[in-house]
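What follows is one structure encoded as structure tokens, with my remarks underneath.
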Amino acid sequence: MSTTARPELTHLQALESEAIHVMREVAAEFERPVMLFSGGKDSIVMLRLAEKAFRPGRFPFPLMHVDTGHNFPEVIEYRDRRVAELGERLIVASVQESIDQGRVVEETGPRASRNRLQTVTLLDAIAQHGFDAAFGGARRDEERARAKERVMSFRDDFGQWDPKSQRPELWNLYNGRIRKGEHVRVFPLSNWTELDVWEYIDREQLEVPSIYFAHEREVFERDGMLYAWREDVELIDGEQVFAEMVRYRTVGDMSCTGGVRSQAVTLTEVVAEIASTRITERGETRADDRVSEAAMEDRKKAGYF
Amino acid sequence: MTLDLLRFTTAGSVDDGKSTLIGRLLYDTKQVFDDQLEHVAEASVRRGGNGALDLALLTDGLRAEREQGITIDVAYRYFSTVGRDGLPGRRFIIADCPGHQQYTRNMVTGASTADLSVILLDARHGVLEQSKRHAFISALLGIPHLVVAVNKMDLVDFSKERFEEIVKEFAEFTDRLGAKADLVYIPISALLGDNVVDRSENMPWYDDQTLLQLLETVEVAYDHPFETPARFPVQWVIRPQGVPGAGDYRGYAGQLASGALRVGEEVVVMPGGQRSRIAAIDTYDGELDAALAPMSITLRLQDEIDISRGEMICRAEEAPEPVRELEADVCWMTEQPLRAGGRYQIKHTTRSAAAVVDSLCDVVDVHTLQRGQAPQQLSLNDIGRVRLRTSAPLLIDPYAQNRRTGSFILIDEATNGTVAAGMVCAPTAA
Ligand SMILES: Nc1nc2c(ncn2[C@@H]2O[C@H](COP(=O)(O)OP(=O)(O)O)[C@@H](O)[C@H]2O)c(=O)[nH]1
């Protein structure tokens, strides 16, 4: 036992401990929590944290993926494998079903995206299963509207977020009281940065979907971003499809997630690239946030993650 | 070794230059990404600036606030430094607290998790009533380090005399306050960058640390976990059912609120008082010999005791007395006032109970910061001392000794809102 040496805790250990604490609070205080799982790097970290919080027991909640139907196949394959490994339950909420049921209308045209439609599918699923708390992997450093988001964020019975009437969040005491029909979104990674996430993935040696590493892909350039080419993409005048070495910084819907030129094929190389990058994650790769200065804020108010 | 994570809060009156200071910290530590910079450059022009980058725009928050041109809620920012010149480098979390309207509620919120508080003053205006309030709240919330950044030194000709005048005035006030915090004064210009990250060439008379140097080297609370009593509020009991190989595992999961625990130590489970020994400290990554705050761990005990959420595992000789009556300072956070007889839910560590307000003892005058006579009520943003009775025993420590086990919130059951932040004073025997 090393009792004489002064103790040392790294910032990653502190962030990890805080996130585990949040997860256990929610498990203890809510009746039907759910953990959203996209197969992206943040939700991969969330799964590991859930293992740390609840093993050797089972997760006291199911996992849920909102499937836009336009996900990268590599990510879906990864999702199914990881869920099987964990032996936990996965619910898939499908945007295609929301479209088929007439709950939402598909956007058309070359810039069509299913990103907005996800919100309806998500809120429907939350209502249908009676979930009262939904874990998400969002971080406050991602985008300016998130800087004021609480760790435990209250949503009214329309699933909406009102930035002006948030509950004050003091110490590590979370107020999880809600009425029927209301729910909370919980963000255990609130205080993590993109670099923290990658360092953690590296430290824990977590497997991530292959699209996070540099690979050659057929892409086309639009608004300064490189998008994956698929059969059903409508090209706009002058756009060319070409092969490029890219990697993804986020794994959203294929229709609005851009890749970045990269040669990083190992975790260590990815961490090094992120550490020296000069552009924010969302600015570089998410078309949905570039539409207007207040894009994220508006979507969050409507119930988006 | 120090924990390489520092949480600090910033407060100042409107226009003292808080946004500019945070922007400057981010910019000079190279934390600003190109696309953000582009954004700020465009916005600076749109707003009719003189072409210079307005660094304040970097921390610009939500649309409602942008429209009103003010910040209305606590915002969190992140930056980090890499080790250099023998300094360690750190990860920083800033709780940026807006300077007016609801300032008490916001500042208390931001301060509750901070290790250090930066109070900004305008060198031209000196020590305002608001600056004193900020210092008062920082002290009340038990923040161990207070930094008074005297900003806009460029507008007072970088005058040493002016700086010293302000230091003297502030020190007189904090002496009266009896603040225990370690107090540092730094003359800066957030606009020009003097003494924020880089040393000022305009103020050769100041040869102490720059703001960033201070932030990088200040000791944080968790430096001394072995000096505080161990407090382990049980959050969640792990009893796997039907998991192959798990046997009859029974573990008590939680986050060590303070102190350290070791395998083999004799412990007592409060409030029941059952004794046992720590059989194992489990984590997903394997068993540990010892754990220290703020680690999240799972304890197994040698004896089979029925323990549930809300109970607390402590070392036998230093366990707190369970109490059902307590005196506390509260910051009131809602429109509906607090009165004697009021009933609320209290949440303290992982324990919840009903609480009734027996009486109000005093209220802090926002102008003089003196404690006045027992009031009829506490209104929004008031701070005052109250006596509470609870439906179940609580395991408290005075806030001055333990920020985790000395703090609580009150919840209004009608609205479900969080209506008060509470800090325990000396416990009164049940
Ligand atoms: N001359 C001078 N002006 C400053 C300094 N810091 C901030 N300002 C200006 O003071 C005004 C208010 O600053 P801002 O950061 O928006 O204040 P906040 O309301 O405290 O966030 C702006 O016009 C800033 O450019 C400084 O060190 N020197």
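What follows draws every value from the coordinates through simple rules; no lab data is involved. From a predicted model like this one, the values you see are computed outputs, not experimental measurements. A quick note on method: Cβ atoms are made from the backbone with ideal geometry, for glycine too, and the neighbour counts reach across all protein chains shown.
Quick note on chain B: its Rg to Rh ratio, both from C-alpha atoms and Rh being the Kirkwood radius, is 1.01. Across the stretch B:367-382, computed HN-Hα scalar couplings (Karplus, 6.51 cos²θ - 1.76 cosθ + 1.60, θ = phi - 60°) run 8, 8, 6, 8, 7, x, 5, 3, x, 6, 7, 10, 9, 3, 6, 6 Hz from first to last residue, x flagging Gly and Pro.
Around B:Arg315, under 14 Å between beta carbons, what's the net of Lys plus Arg minus Asp minus Glu among the other residues? After counting each charged neighbour, the total is -2. Residues whose amide H lies under 5 Å from that of B:Asp362, counting only those 5 or more places away or on a different chain, are B:Arg385; hydrogens are built 1.01 Å from N in the peptide plane. Close amide H contacts of B:Gln274 (hydrogens built in the peptide plane, cut-off under 5 Å, sequence separation of 5 or more or a different chain): B:Val269. State the answer as a single residue: which of B:Ala171, B:Leu155, B:Ile137 lies farthest towards the positive end of the charge dipole of chain B, with beta carbon charges of +1 for Lys and Arg and -1 for Asp and Glu, about the Cα centre. Final value for the positive-end residue is B:Ile137.
If you wrap the stretch B:115-178 in the convex hull of its Cα atoms and look at it from every side, the mean projected area works out to 4.0 nm². Report the relative contact order of the stretch B:249-326, percent, no decimals, based on alpha-carbon pairs under 8 angstrom and at least 6 residues apart. Worked out over the stretch B:249-326, it gives 38 percent.
Of the listed pairs A:Lys148/B:Lys168; A:Lys180/B:Lys18; A:Lys148/B:Lys347; A:Lys52/A:Lys180, which have alpha-carbon separations greater than 32 Å here?
Those over the limit are A:Lys148/B:Lys168; A:Lys180/B:Lys18.
Note down the net charge around B:Ala355, summing +1 for each Lys or Arg and -1 for each Asp or Glu among other residues with Cβ under 14 Å from its Cβ. Combined, the nearby Lys, Arg, Asp and Glu give +2. Structural size metrics of the stretch B:153-310, computed from C-alpha coordinates, are Rg and Dmax of 25.2, 74 Å. The packing ranking of peptides A:128-140, B:268-280, B:368-380, highest mean first, is A:128-140, B:268-280, B:368-380, where packing means the average number of other beta carbon atoms within 10 angstrom of each residue. Inter-part distance, the stretch B:246-300 to the stretch A:155-225, computed on C-alpha centroids, equals 30 Å. With the Kirkwood sum run over all distinct C-alpha pairs, the stretch A:143-253 has a hydrodynamic radius of 18.0 Å.
Sorted by packing (mean other beta-carbon atoms within 10 Å per residue), highest first, where do A:73-83, A:55-65 land?
A:55-65, A:73-83
Look at the stretch B:109-116: the mean tally of other chain Cβ atoms within 10 Å of its residues' Cβ atoms is 3.
Using the Stokes-Einstein relation with a Kirkwood hydrodynamic radius computed over Cα pairs, the translational diffusion coefficient of the stretch B:276-430 at 37 °C and a viscosity of 0.692 mPa s comes to 191 µm²/s.
A cut-off under 10 angstrom between Cβ atoms defines the neighbours of B:Asp15, and their net charge, with Lys, Arg +1 and Asp, Glu -1, is 0. Contact order, relative form, for the stretch B:238-385: 19 percent (alpha carbon pairs under 8 Å, 6 or more residues apart, mean separation divided by residue count).
Shown in residue order for the stretch A:96-104 are the 3J(HN,Hα) couplings computed by the Karplus curve 6.51 cos²θ - 1.76 cosθ + 1.60 at θ = phi - 60°: 4, 5, 4, 5, 4, 7, x, 6, 9 Hz (x for Gly and Pro).
Would the stretch B:307-383 count as rounded, prolate or oblate if I go by the C-alpha gyration tensor, calling it rounded below 1.5 in a/c and otherwise prolate when a/b exceeds b/c, oblate otherwise? The shape class here is prolate. Counting Cβ atoms of other protein chains within 10 Å of each residue's Cβ and taking the mean over peptide B:291-299 gives 5. Note on the stretch A:143-241: with charges restricted to the Cβ of Lys and Arg (+1) and Asp and Glu (-1), its dipole about the Cα centre is near 1120 debye.
Between amide H atoms placed 1.01 Å from N, distances below 5 Å from B:Leu5 occur with B:Arg91, all of them 5 or more places distant or on a separate chain.
If one computes P(r) from the Cα atoms of the stretch B:355-430, what percent of pairs lie at distances over 18 Å? Don't jump to the answer; show the numbers that get you there.
On the way: 1326 of 2850 pairs.
Summing the P(r) tail past 18 Å for the stretch B:355-430 gives 47 percent.
Dividing the summed helix terms, -39500 (n - 2.57) for each DSSP H run of n ≥ 4, by the number of residues in chain B produces a 222 nm estimate of -5500 deg cm²/dmol to the nearest 500.
Rounded to the nearest Hz, the phi-derived 3J(HN,Hα) couplings of the stretch B:323-334 under the Karplus curve 6.51 cos²θ - 1.76 cosθ + 1.60 (θ = phi - 60°) are 10, 10, 9, 8, 10, 8, 8, 10, 9, 8, 10, 9, where x marks glycine and proline. Legend: mean number of C-beta atoms from other chains within 10 angstrom of residue C-beta atoms, peptide A:51-63, equals 5.
Structural descriptor for chain B: relative contact order 12 percent, calculated from alpha carbon pairs under 8 angstrom and at least 6 residues apart.
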